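J.: Structure below; questions to follow.
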Amino acid sequence: MEQYDVVIIGGGPAGYSAALYNARNARSVLVIEQLSAGGQMATTGNIENYPGFDEGIDGFDLAEKMQNQAEQFGAETMYETVVELKLTENPKKVITTDGTILAKTVILATGAHPRELGLSNEGQLRGRGVAYCATCDGMMFKNKDVVIVGGGNSAIADALYLSKICHSVTLIHRRDELRASRVYEQQLQKSQIHFIWNSQVVEILANQHVTGVKVLNKVNQEITEINCDGVFVAIGRVPDTQLVKGQIELNKSGYIVADESTRTNIPGVFAIGDVRQKALRQVVTAVSDGAVSSHYIEEYFMEQGE
């Protein structure tokens with residue numbers, strides 16, 4: 001069985017940032033990615049808020065650049081599915097569909113995915129009017145009409161952000177009141193956001209691009225159509241932590257408990273990017289986590305006398 005100093009589970013921006021920094025520290029590094037580099041970032045058509053690209057950059061292209069840069073310094077990439085992790089052993093064992101890899105340290109960079117509405121054409125319209133991140137994709141809808149689905153803090157923050165950009169913002173919530181914190185009340189009173197209560201989106205209307213939604217009123221069962229250019233789904237995210245349940249401490253929302261040092265409750269195991277509990281989940285914060293983790297991995301190696 002081959003052994004690496006650092007094995008990174010997940011090849012998104014956090015994973016490849018960690019790969020770059022650890023490889024430059026002269027550590028042997030393996031990134032294990034199930035599909036292709038970039039994770040959720042690779043599905044974003046144009047990223048406009050990542051520093052250094054004044055005209056924006058395609059998410060897939062940015063992912064490729066990150067991978068190439070890390071590999072130039074010696075990091076390796078393996079395209080396999082991780083089926084089991086034995087994180088308390090020494091060395092740690094990463095079991096894939098192709099065999100077992102030994103690791104002195106493991107970085108969990110498995111990410112999180114948006115919770116979807118579950119509508120039949122939702123997936124195929126992603127990037128064509130359906131979006132899950134207002135700060136990522138909002139400028140694509142400048143001066144246009146958008147709908148937001150949700151009623152929590154994320155939905156309200158997205159609605160307030162989009163209200164500064166879009167022609168109109170309509171928030172659809174399945175209950176008769178918001179679940180968001182009261183801190184937003186004053187801002188909402190000053191906004192032009194339109195609310196539709198006790199309702200849910202039952203169909204997304206589209207040609208090649210979103211043209212509107214069908215909305216079911218849960219009280220009177222009436223269905224109405226709302227014309228819009230975009231639908232922002234803000235009903236939560238699902239962290240990809242199935243592999244570590246029972247080993248790594250998770251918070252009540254299922255995210256890995258790791259502070260700004262990225263260290264978890266198991267020595268030698270670190271969590272970075274969207275899978276970690278944190279205030280803001282963006283490409284730039286994921287990349288930051290990757291760099292930070294390399295610092296504390298070096299501390300860990302020094303403690304181990306390496």
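J.: Output the residues belonging to the range 247-258 that are more than 21 Å from SER293 (Cα to Cα) and either without any contact (Cβ under 8 Å) to a residue 12 or more places away in the chain or not assigned by TED's automatic domain parsing to the domain that holds VAL83 (or both). I'd like the intermediate steps shown before the answer.
T.: The initial filter retains those residues of the range 247-258 that are more than 21 Å from SER293 (Cα to Cα), namely 252-253.
Passing the criteria: only LYS252.
J.: Find the strands (runs of 3 or more DSSP E) located wholly in the range 200-244 whose residues include 3 or more that are small (Gly, Ala, Ser) and closer than 18 Å to ALA155 by Cβ, and list them.
T.: Working: elements: 210-217, 223-227, 230-233, 237-239.
Qualifying strands (runs of 3 or more DSSP E): none found.
J.: So if I check each of ALA63, ALA14, ALA26, which one is at pLDDT 95 or above and assigned to a helix (DSSP H, G or I)?
T.: Numbers: ALA63 fails: at pLDDT 95 or above; ALA26 fails: assigned to a helix (DSSP H, G or I).
Within the list ALA63, ALA14, ALA26, the selection yields ALA14.
J.: Considering the range 268-290 alone, what residues qualify as being surrounded by fewer than 24 Cβ atoms within 10 Å (Cβ to Cβ) and of a type outside the set (A, V, I, L, M)?
T.: GLY268, GLN277, LYS278, ARG281, GLN282, THR285, SER288
J.: In the range 152-182, which residues are at pLDDT below 90 and not charged (D, E, K, R)? So that I can check it myself, show each step before the final result.
T.: Narrowing the range 152-182 to residues at pLDDT below 90: 152-154, 157, 177-182.
The answer is GLY152, ASN153, SER154, ALA157, LEU178, ALA180, SER181.
Quick grid of which residues meet (1) touching a residue at least 40 places away in the same chain (Cβ under 8 Å); (2) loosely packed, with under 12 Cβ neighbours inside 10 Å:
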site	(1), (2)
LEU160	no, no
ARG174	yes, no
ARG179	no, no
VAL219	no, yes
ASP229	yes, no
ALA234	yes, no
VAL238	yes, no
GLN242	no, yes
LYS245	no, yes
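J.: Another one. State the number of residues belonging to the range 257-290 that are in contact with a Leu (Cβ under 8 Å, 6 or more places away or on another chain) and assigned to a helix (DSSP H, G or I).
T.: Counting residues in the range 257-290 that are in contact with a Leu (Cβ under 8 Å, 6 or more places away or on another chain) and assigned to a helix (DSSP H, G or I) gives 3.
J.: Then there's this: With the checklist (1) under 27 Å from GLY123 (Cβ atoms); (2) surrounded by 14 or more Cβ atoms within 10 Å (Cβ to Cβ); (3) at pLDDT 95 or above in hand, flag the one item ILE223 doesn't pass.
T.: Exception for ILE223: condition (2).
J.: Right, next: When you go through (1) assigned to a loop (DSSP other than H, G, I, E, B); (2) touching a His at 6+ places or on another chain (Cβ under 8 Å); (3) closer than 22 Å to VAL215 by Cβ; (4) not hydrophobic (A, V, I, L, M, F, W, C) one by one for ASN143, which number turns out not to apply?
T.: Tallying (1) assigned to a loop (DSSP other than H, G, I, E, B); (2) touching a His at 6+ places or on another chain (Cβ under 8 Å); (3) closer than 22 Å to VAL215 by Cβ; (4) not hydrophobic (A, V, I, L, M, F, W, C), ASN143 fails exactly one: (3).
J.: May I ask you to say which residue of ILE101, ILE95 is of a type in the set (A, V, I, L, M), surrounded by fewer than 18 Cβ atoms within 10 Å (Cβ to Cβ) and closer than 19 Å to GLY10 by Cβ? Explain how you work it out, then say what you get.
T.: On the way: ILE101 fails: surrounded by fewer than 18 Cβ atoms within 10 Å (Cβ to Cβ).
Checking each option against the conditions leaves just ILE95.
J.: Pairs only if they're at least six apart or on different chains, beta carbon under 8 angstrom, first in the range 53-67 and acidic (Asp, Glu), second at pLDDT below 90; list them, first residue then second.
T.: Sorted first by the residue in the range 53-67, then by its partner, the pairs are ASP58/THR44; ASP58/GLY45; ASP58/ASN46; ASP58/ILE47; GLU64/ALA37; GLU64/GLY38.
J.: When ASN143 is evaluated against the numbered criteria (1) exposed (fewer than 15 other Cβ atoms within 10 Å of the Cβ); (2) at pLDDT below 95, which criterion, by number, is the only one it fails?
T.: Tallying (1) exposed (fewer than 15 other Cβ atoms within 10 Å of the Cβ); (2) at pLDDT below 95, ASN143 fails exactly one: (2).
J.: Every residue in the range 84-98 that is among the acidic types (Asp, Glu), touching a residue at least 12 places away in the same chain (Cβ under 8 Å) and part of a loop (DSSP other than H, G, I, E, B), please. Walk me through it before giving the result.
T.: Let us first name the residues in the range 84-98 that are among the acidic types (Asp, Glu), namely 84, 89, 98.
Right, trim to touching a residue at least 12 places away in the same chain (Cβ under 8 Å) and you get 84, 98.
If the condition is that a residue be among the acidic types (Asp, Glu), touching a residue at least 12 places away in the same chain (Cβ under 8 Å) and part of a loop (DSSP other than H, G, I, E, B), then ASP98 is the only one that fits.
The values are calculated or read from the model by the stated rules, or taken from the named source; none is laboratory data. Quick caveat: nothing in here was measured; it's all calculated off a predicted structure. Cβ: placed from backbone, ideal geometry, glycine included. Neighbour counts: every protein chain shown.
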